[in-house]
Structures are given as C-alpha cells and as structure tokens.
Amino acid sequence: MRIIDLILLLNDFNRNNRIFIEDNKQNYSVVDLEIESSGVYLKTSSKLNGIKNWEFLLLINKKEYYELPIFFDTKKDHHQLFGFRVSDDRILLG
C-alpha cells in the first residue's frame, strides 16, 4: 500500500482512534515512523499507547511521501502493509 492510499482511507475514520499493527493475532501500537528512500517504516511498541489517527496523518501527509510504500517491522524483518480493519475504536493495520 502506498502512503497516499492509506491517507485517503484513514480520512474517513475518527481522528481519535489509535493506530495499531495487527500481526499474528497480536496488536502492537504504532509509536513512531522512520522515513527512508525505500519506504516508510512504522515503529511499534507493545507497552505504549499508539498514536492517534490525526497524529499519524500529520506525520505521513507530506507530498514527497505519497508514492512510498509503507512497512512495519517485526523482530525478524519488514512486512508491507496491505490494508486495515477497525475494531474497538482502534485502527488495526496489517
């Protein structure tokens, strides 16, 4: 998924929903991101509250990022995001 696609989809949801990564039935809160020439990499934590939708959109809504793919880190490697779902007022990216 490209950044621009994710921005367009997330604009329809509550600005105060928290952003999480759903991986193997576990949820990790998104706490930061790292921008590289190959894409945007989400940094996660299992202990902290995730950033809110409006904060996330503020971080990624830059024209130079629009065409970049978005990834999340696992302990072993990176996985590209392909979609999300909403559950219990949380946005679960996966």
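Just so it is clear, none of the values below were taken in a lab; they were calculated from the coordinates. No experiment lies behind these values; they were computed from the predicted model shown. All Cβ positions, glycine included, derive from the backbone under ideal geometry; neighbour counts span all protein chains shown.
Taking a ≥ b ≥ c as the square roots of the eigenvalues of the Cα gyration tensor of the range 33-80, is the shape rounded (a/c under 1.5), prolate (a/b larger than b/c) or oblate? Mind showing how you got there, number by number?
Values: a/c = 2.88, a/b = 1.13, b/c = 2.56.
Here the range 33-80 falls in the oblate category.
How large is the charge dipole for the chain, taken about the Cα centre, if only the Cβ atoms of Lys, Arg (+1) and Asp, Glu (-1) carry charge, to the nearest 20 debye?
220 debye
Considering only the range 3-93, what is the antiparallel percent among its DSSP beta bridges, to the nearest 5?
Percentage antiparallel, nearest 5: 75.
So what is the 222 nm mean residue ellipticity for the chain from helices alone, if each DSSP H run of at least 4 adds -39500 (n - 2.57) and you divide by all residues, rounding to the nearest 500 deg cm²/dmol?
-4500 deg cm²/dmol
Express the C-alpha Rg of the range 1-47 as a ratio against the empirical globular expectation 2.2 N^0.38 Å, rounded to two decimals.
Normalised Cα radius of gyration, the range 1-47: 1.25.
If you take the charge dipole of the chain about its Cα centre, with +1 on Lys and Arg Cβ and -1 on Asp and Glu Cβ, which of 86, 39, 9 is farthest toward its positive end?
86
Bin all alpha-carbon pair distances of the range 3-93 at 5 Å intervals from 0 and give each bin's fraction as a whole percent.
Reading the bins upward from 0: 3, 14, 28, 29, 19, 7, 1.
Under 10 Å, Cα contacts only: if you run a Gaussian network model on the chain, which one of 82, 71, 20 comes out with the highest mean-square fluctuation?
82
Excluding residues fewer than 8 places away in the same chain, name every one of the lysines whose C-alpha is closer than 26 Å to that of residue 25.
The reachable lysines, counting only those whose Cα sits under 26 Å from residue 25, are 43, 47, 52, 75, 76.
Karplus couplings for the range 10-19 from phi (6.51 cos²θ - 1.76 cosθ + 1.60, θ = phi - 60°), rounded to Hz, Gly and Pro as x?
My calculation for the range 10-19 gives 6, 4, 8, 10, 3, 5, 9, 5, 8, 9 Hz in order.
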